[in-house]
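The values are calculated or read from the model by the stated rules, or taken from the named source; none is laboratory data. Predicted model only: the values in this text are computed from it and were never measured. For neighbour counting, all protein chains shown are included, and Cβ atoms are generated from backbone atoms with ideal geometry for every residue, glycine included. Keep in mind that these areas ignore ligands, DNA and RNA; they rest on the heavy atoms of the full protein, side chains included. Shrake-Rupley method; radii C 1.70, N 1.55, O 1.52, S 1.80 Å.
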Amino acid sequence: MRVLAILLGLAVLTALAGIGVRAWAPGFDAQALRAIAGGRNATLTSIAWVVTEAGSFVLLAPLSIAFLLLRRWKRPADDIALVVIAAGSALLPFVVKLIVARPRPTIEHLSHLSSLSFPSEHTTQAAAIYLAIAIMLSQSLTRGWREAAIALGVVIALAVAWSRVYLGVHYPTDVTAGLVLGWSWALLVFHWARPKLIQDQPALGRPAAG
């Protein structure tokens, strides 16, 4: 099954990257984190607290459900792809965290967490789900608006990534891995696995596609 192949492949590649990061990038990560923490102020902290919630699955799960309900199941394969992307964006970072077992940064946290650090779950989820929703929205838009929708999805994910580092709960490489993992997962599922979902759902009114 294509979805399972993508899931396993991305999990293995991200875990290998995480093991490499733990071995070779701790100095860069620590320096970058201290530099970002040195620029903290009350206004930025308030913004970071709001932005970081955009990557929370507590928000993203109902957002995805509401989006699907508004679409009224008009494109079943697309809708199934979004469900798969949302579920995978929560599962993938959880599995990789267990393999890499990287502790959270030792710098002062503005949010207290005891879970593992690599990759960032918030960032992975934001990257995957917002990009998937943007792609689905863009299908009915003209070229300029289509590009704007994709760009907005990317910017939201980048903002979530920044907030996680700013709050001191992730290293820069944690959120970088989250962005790459989330975007790769969404694109591969939507553009490679979705055609198979269309083939598997002829009864739902979608024609087979290669």
Inset, instruction - Might you check whether a residue that is at pLDDT below 90, part of a helix (DSSP H, G or I), touching a helix residue (DSSP H, G or I) at 6+ places or on another chain (Cβ under 6 Å) and hydroxyl-bearing (Ser, Thr, Tyr) occurs anywhere in the range 126-145? - result: yes
Inset, instruction - May I ask you to list pairs of residues, at least six apart or on different chains, whose Cβ atoms are under 6 Å apart, with the first in the range 87-113 being within 15 Å of TYR171 (Cα to Cα) and among the basic types (Lys, Arg) and the second being in a helix (DSSP H, G or I) and at pLDDT below 95? - result: ARG102/ARG22
Inset, instruction - For PHE67, work out the one condition from (1) within 23 Å of ILE6 (Cβ to Cβ); (2) surrounded by fewer than 20 Cβ atoms within 10 Å (Cβ to Cβ); (3) modelled with pLDDT under 85 it doesn't fulfil. - result: (3)
Inset, instruction - Could you tell me whether the range 16-33 includes any residue that is under 23 Å from the mean Cα position of the chain (by Cα), of a type in the set (Val, Ile, Thr) and more than 12 Å from ASP174 (Cα to Cα)? - result: no
Inset, instruction - Under 6 Å between Cβ atoms, at least 6 apart or on separate chains: pull out the pairs that start in the range 1-19 with a residue that is closer than 15 Å to TRP192 by Cα and free of Cβ contacts under 8 Å to residues at least 24 places away in the same chain and end on any residue that is of a type in the set (Asp, Glu) and assigned to a helix (DSSP H, G or I). - result: none
Inset, instruction - Determine the pairs where a residue that is open to solvent by less than 10 Å² (accessible area, probe 1.4 Å), located within the range 153-168, has a partner that is among the basic types (Lys, Arg) with Cβ atoms under 8 Å apart, the partner being 6 or more residues away or on another chain. - result: TYR166/ARG40
Legend entry - Residue among ARG72, ARG34, ARG102, ARG40 that alone is more than 30 Å from GLN139 (Cβ to Cβ), basic (Lys, Arg) and exposed (fewer than 13 other Cβ atoms within 10 Å of the Cβ): ARG34
Inset, instruction - Could you name every one of the helices (runs of 4 or more DSSP H) located completely within the range 1-72 that has at least 1 residues being over 19 Å from THR106 (Cβ atoms) and out of contact with any helix residue (DSSP H, G or I) (no Cβ under 6 Å at 6 or more places or on another chain)? - result: 2-24, 42-52, 57-71
Inset, instruction - Among residues belonging to the range 133-152 that are open to solvent by 50 Å² or more (accessible area, probe 1.4 Å) and of a type in the set (Ser, Thr, Tyr), point out the one that is farthest from GLY182 (Cα to Cα). - result: THR142
